[in-house]
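Please read the structure below before turning to the comments.
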Amino acid sequence: METNEKIERLLDMTEHPEHYSEEEMQEILADKETREYYDLIIKTDDAYTKSH
Amino acid sequence: MLIIKDEEESKDIVSDIFTSIWDGTINPYVDKPQNYLLMCVRNRCLDLLNHKRIKERVYRLLTLESSLPSIAINNDTPDMQRLREMVDTLLTPRDRQVLIMKYERKMKYREISDELNISQVAVYKHLSQALKTLKANFK
């Protein structure tokens, strides 16, 4: 799967987790690159949440 | 019975109901409109709680398994400051705008696409591009 596709799927999962089963989430996050992007999303979110 | 304890969220739910009536998603012109509207509010509250539970589950799953300890830090850190600097200096204006709307203003993708008059697919593309740029430079 291409990086863009991985990121877009991750973005969709974080916006609409109710559309994914726990198994699907675990499968998505088992991918190393996807996890790295998720960590970055968390940091980015924190960077704009915790600075206020 | 108190379903949602946060006053702002409660107001948002009621506001959403009125928006749905306005755009025709909800038709309150039934036999007992008051009961119908109360049921709509109750269902929205339950949807919100369910959504929150799922989100918390995902967050817990990810943070528990994450190898990066910085996720648990509560204060503004040099890493966070550096990330904001990178957002300001490295991203294209549009990528930056979308990222700020998402992570600072906490907007939904649909709201971003509506405000910028672009498709949700375009919102995903801008965010993806922004994240790729940040990842390439955030070591």
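Taken together, the values in this text are just the output of simple stated rules run on the coordinates, not laboratory data. Since this is a predicted model, take the numbers as computed values, not measurements. With ideal geometry, Cβ positions are generated from the backbone for all residues, glycine too; neighbour counts draw on all protein chains shown.
Which value results when the Cα radius of gyration for chain A is divided by 2.2 N^0.38 Å?
1.19
How are the alpha carbon pair distances in region B:73-139 distributed across 5 Å bins from zero to the largest one, expressed in percent?
Spelled out per bin, shortest first, that is 4, 18, 27, 23, 16, 9, 4, 0.
Count, for each residue of A:24-37, the Cβ atoms from other chains sitting within 10 Å of its Cβ, then give me the mean as a whole number.
Per-residue shielding by partner chains comes out at 2.
From the C-alpha gyration tensor of the protein assembly as shown, pull out the three semi-axes of the equivalent ellipsoid (sqrt of 5λ each), sorted largest to smallest, in whole Å.
In descending order, the three semi-axes are 33, 19, 17 Å.
What's the exposure ranking of B:D88, B:D79, going from fewest to most Cβ atoms within 10 Å?
B:D88, B:D79
Please give the calculated 222 nm ellipticity per residue for the protein assembly as shown, where each DSSP H segment of at least 4 residues contributes -39500 (n - 2.57) and the sum is spread over every residue; nearest 500 deg cm²/dmol?
Theoretical 222 nm ellipticity from helices: -24000 deg cm²/dmol.
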